[in-house]
Every structure is written in C-alpha cells, then in structure tokens.
Amino acid sequence: MSERFSSEFFAGNRARLRELFTGTAPIVITAAGLLQRAADSAYAFQQDANFWYLTGIDEPDVVLVMDKDKEYLILPELSDYQDIFDGGIDTLALARVSGVEDVVDHKEGWRRLKIRIKKTQHLATVGALPVYLDLYGMYTNPARRQLIRAIKAINPTIELLDLKSHLARLRMLKQPAELEVLQAAINITAVTLKEITVPARLKKYDYEYQMEADITQGFRSRGATGHAFTPIVAGGVRATTIHSITNNAALAVNDLVIIDVGAELGHYAADITRTISLSSKPSRRQQAVYAAVAEVQDFALELLKPGTIMKDYETKIEHFMGEKLRELGLIKTINREKVRRYFPHATSHFLGLDPHDAGDYELPLEPGVVLTVEPGIYIPEERLGVRLEDDVLITQRGTQVLSRKLPRRLS
C-alpha cells in the first residue's frame with residue numbers, strides 16, 4: 001500500500017489514462033506475481049510500476065478493470081496454504097488506497113470480465129515482455145503473459161491494444177506529490193553518502209561490503225524502505241565494469257571507488273553516483289580523469305532545458321566527451337566507436353518509480369521531467385573508472401539539481 005499518496009492521486013492517474021487513451025475498449029491491467037526463491041518461499045515482492053501508478057496497491061495478482069465509467073478490482077484466488085501462512089487480503093484497504101470501491105472475488109470478477117471480453121473486439125492492456133530478455137540475461141515476470149493468455153482463451157479473435165506508450169508519457173511528467181517523495185529519497189541518499197565519505201570514516205573501510213552495509217543502515221535509519229536497485233560499490237578495476245554489484249573485494253588505498261546507489265521511498269527511486277579516492281592525495285592521472293568527467297557533466301547540465309531532444313543531447317555530449325578523451329590521450333580521433341570504448345552508456349535516463357523510469361525519449365523535455373546526468377570514463381587497462389551522477393528536474397527556466405546537497409569531490 002502507499003501512505004504517502006492519497007486515493008485521489010491514483011484516481012487522477014486513471015482519469016488521465018482514460019483521457020490519453022481516448023478509446024472505448026475496456027482497460028485491463030494486472031499486478032505483478034510472486035516469483036519463487038526456494039521450495040516454498042518467494043523473493044520479496046516487487047509490484048509492477050504501472051499497476052502501482054494506477055492503484056497504489058502492493059498485493060500480487062490483483063487485476064484492475066476500467067470499462068467506460070465503471071472500474072473494479074478482481075482479487076486473486078488464494079490457496080488454503082496462502083490464507084493460513086501469508087494471511088488474507090484486506091479488501092477495505094485496497095478500496096481505501098486505490099479509490100476503487102468495487103472489489104470483487106476472483107470468481108465474480110472473472111464472470112463479469114468474461115461477459116465483456118466475449119462482446120468486444122478490442123481490449124487495452126500493458127503488453128507482455130518476452131519470457132527472456134537476451135540483452136539483460138534475465139527472465140521477466142509472467143503476470144502480464146498469464147493475463148493475456150486468459151483473455152485470449154475467452155475470445156481468441158480479440159485485438160489487444162498496448163498502453164505502454166500512454167503510461168510512459170504519463171509517468172515521465174512528475175506531479176507535485178511525486179516530486180516531494182523523490183526529493184525525500186534523494187535527500188536520504190545524499191545525507192548517507194556524505195556521512196560515509198568523510199575522510200575519517202573512509203579510513204575504516206577495508207572491504208566494499210563494509211561501505212555497502214553502512215549505506216544500507218543509513219538508508220533504513222532515515223526512513224527509506226531500502227535500496228531502489230542493487231547497490232554498486234566498486235574499487236579499482238572493478239569500477240570499470242558499469243554494473244559491478246558483487247561488492248566483496250578488498251579496498252586498496254590507491255584506488256578510486258565508484259559508489260552508485262539510491263534510496264527507495266514510497267516506491268520512488270533516487271540514483272546518485274560519486275567517485276571517491278581513499279587516499280588524501282589521488283594521483284595526477286586520477287585527478288585528470290575525474291576533472292574530465294566533471295566537465296562533461298557540467299556541459300550536459302547546460303544543455304538540459306524544456307524542448308531538449310534526448311537524441312540531439314546525447315550526440316552533443318558524445319562529441320564533447322570525445323574531446324576530453326583526446327585530451328587524456330585515450331583516443332586520437334573522435335568517432336562513435338572510439339568514444340564508446342571508454343564511455344559505453346548513455347548520459348541520462350528518466351527517474352521515478354523505476355531507477356530507469358518509463359518515458360518517451362522521442363518527445364521534447366518538459367517541465368516536470370526528472371532524469372539523471374551520469375557521464376563516466378572507464379579505462380580497464382589503467383584499473384581506473386570514474387562516474388558522476390546527479391538527479392535533475394526540468395523546470396520552466398532550465399534545470400534544478402535535486403541532488404545538489406551532495407557536493408562533488410574526489411578526496
């Protein structure tokens with residue numbers, strides 16, 4: 001559930017989705033499902049962000065139906081085991097949080113929905129992802145696929161309309177309530193990082209996991225639900241792997257350490273990166289690479305404003321990064337292949353319910369968009385990686401750096 005958002009917030013999101021969709025087809029969206037961790041236990045439940053955005057509900061396998069001026073929630077069918085060991089579902093709480101007053105059991109809900117599905121030619125939902133994402137090497141939650149399978153079993157000729165782009169457009173423009181929670185998550189992250197990176201504290205760390213543990217404690221003690229994503233604490237050559245998440249290696253005093261973390265609060269994610277030196281006197285090379293990354297970040301921040309197109313923005317940053325890499329002696333000529341050898345990722349991504357939040361990268365930026373600005377230079381042959389990341393709000397006048405309370409410093 002969500003205590004930080006009113007039922008009016010979720011009802012408003014549903015109303016905006018109806019306005020943007022414009023069609024008359026029923027809208028049916030499912031919550032995520034539980035995923036097995038061991039024989040009879042599941043991984044910690046992570047709600048589908050789109051479902052949460054429309055309902056505020058944190059229960060698995062609930063189905064939202066929006067049909068013209070009617071809306072209702074269908075409860076999952078629980079086994080006796082689930083009822084006894086996990087507890088039943090508080091239907092009054094679902095209605096209170098979501099603002100959807102009509103909450104029906106599994107049998108009644110699917111009876112209603114089945115009648116509607118048989119009569120309609122179109123139905124809108126959130127499209128299912130493939131079972132396996134080759135790019136990321138991971139399996140996806142099967143809840144959407146199961147919903148679509150059930151719909152098709154009732155009406156094999158029904159045409160499904162995908163609401164992903166509609167929800168992305170809605171979610172990329174943050175409302176005041178969202179910005180308040182985002183700022184709180186960012187502040188928790190900034191204060192915690194400031195606390196653990198003071199020189200006296202840094203001297204106490206011998207292993208990456210010790211830093212991770214203190215970050216976790218800092219987040220939880222300040223009210224966060226935990227990490228918004230698997231934390232990255234990577235020293236030396238491990239800092240040249242973009243998503244180095246083992247966090248188990250010994251720390252060497254002459255290495256730089258990348259810390260890429262974000263607190264999660266009220267379902268919203270912070271995402272901040274700092275690169276620090278464990279030595280009070282980082283080498284000239286380390287300072288030069290750090291300064292280059294900081295210059296690229298400043299350049300990127302100057303480009304951001306309402307009307308900015310992300311593709312053009314990234315192209316300009318890529319060329320500017322090429323100039324910095326050439327100054328560092330890493331490349332002789334500037335082209336995409338050479339630049340991407342040392343800077344293999346995009347500078348920015350949207351931020352919100354997900355660390356890499358939903359949004360339309362083809363649309364011009366508007367006030368209310370929140371995104372990260374995170375250039376980096378990674379030189380495996382020198383065991384040296386540097387990344388700096390801040391969270392930024394697009395405003396009428398340009399930008400507001402939401403993570404400004406955490407200064408950039410190498411040592």
Subject >> So PRO142, is it within 24 Å of PRO355 (Cβ to Cβ) and not aliphatic (A, V, I, L, M) >> reply: yes
**OP:** Taking the residues in the range 58-107 that are in contact (Cβ under 8 Å) with a residue 24 or more places away in the chain and part of a helix (DSSP H, G or I) as candidates, determine which candidate is surrounded by the most Cβ atoms within 10 Å (Cβ to Cβ).
**Re:** SER98
Original post:
Somewhere in the range 44-56, is a residue of a type in the set (A, V, I, L, M, F, W, C), at pLDDT 95 or above, over 17 Å from GLY266 (Cα atoms) and surrounded by 15 or more Cβ atoms within 10 Å (Cβ to Cβ)?
Top reply: no
Subject >> From GLY223, GLY218, residue being surrounded by fewer than 20 Cβ atoms within 10 Å (Cβ to Cβ) and either among the polar types (S, T, N, Q) or in contact with a strand residue (DSSP E or B) (Cβ under 9 Å, 6 or more places away or on another chain) (or both) >> reply: GLY223
Original post:
Which of the following residues is over 18 Å from the mean Cα position of the chain (by Cα) and at pLDDT 95 or above: GLY236, GLY262?
Top reply: GLY236
Original post:
Is there a residue being surrounded by 22 or more Cβ atoms within 10 Å (Cβ to Cβ) and out of contact with any helix residue (DSSP H, G or I) (no Cβ under 9 Å at 6 or more places or on another chain) anywhere in the range 333-348?
Top reply: no
**OP:** Could you tell me whether any residue of the range 318-326 is out of contact with any His (no Cβ under 6 Å at 6 or more places or on another chain), in contact (Cβ under 8 Å) with a residue 24 or more places away in the chain and either surrounded by fewer than 16 Cβ atoms within 10 Å (Cβ to Cβ) or among the charged types (D, E, K, R) (or both)?
**Re:** yes
**OP:** Mind listing whichever residues of the range 183-202 are outside any helix (DSSP H, G or I) and either in contact with a helix residue (DSSP H, G or I) (Cβ under 6 Å, 6 or more places away or on another chain) or in contact (Cβ under 8 Å) with a residue 24 or more places away in the chain (or both)?
**Re:** THR197
Subject >> Single unsatisfied condition, PRO355 versus (1) under 19 Å from SER165 (Cα atoms); (2) in contact with a helix residue (DSSP H, G or I) (Cβ under 8 Å, 6 or more places away or on another chain) >> reply: (2)
Subject >> Selection count, the range 253-287, where residues are over 23 Å from VAL181 (Cβ atoms) and of a type outside the set (Ser, Thr, Tyr) >> reply: 14
Subject >> Scan of the range 108-144 for residues that are of a type outside the set (A, V, I, L, M, F, W, C) and either assigned to a loop (DSSP other than H, G, I, E, B) or on the phi > 0 side of the Ramachandran plot (or both), ordered by number >> reply: THR120, GLN121, GLY127, PRO130, ASP134, TYR136, GLY137, THR140, ASN141, PRO142
Subject >> Some residue of the range 26-36 being under 27 Å from LYS119 (Cβ atoms) and in contact with a Lys or Arg (Cβ under 7 Å, 6 or more places away or on another chain) >> reply: yes
**OP:** Identify the residue in the range 238-276 that is among the β-branched types (Val, Ile, Thr), out of contact with any helix residue (DSSP H, G or I) (no Cβ under 6 Å at 6 or more places or on another chain) and over 17 Å from VAL198 (Cα atoms) and, among all such residues, is surrounded by the fewest Cβ atoms within 10 Å (Cβ to Cβ).
**Re:** THR246
**OP:** Could you list, in sequence order, all residues of the range 1-24 that are surrounded by fewer than 20 Cβ atoms within 10 Å (Cβ to Cβ) and of a type in the set (A, V, I, L, M)?
**Re:** MET1, ALA11, ALA15, LEU20
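The values are calculated or read from the model by the stated rules, or taken from the named source; none is laboratory data. Bear in mind that the values here come from a model prediction, so they are computed numbers and not experimental data. Please note: Cβ atoms are built from the backbone with ideal geometry, for glycine as well, and neighbour counts cover all protein chains shown.
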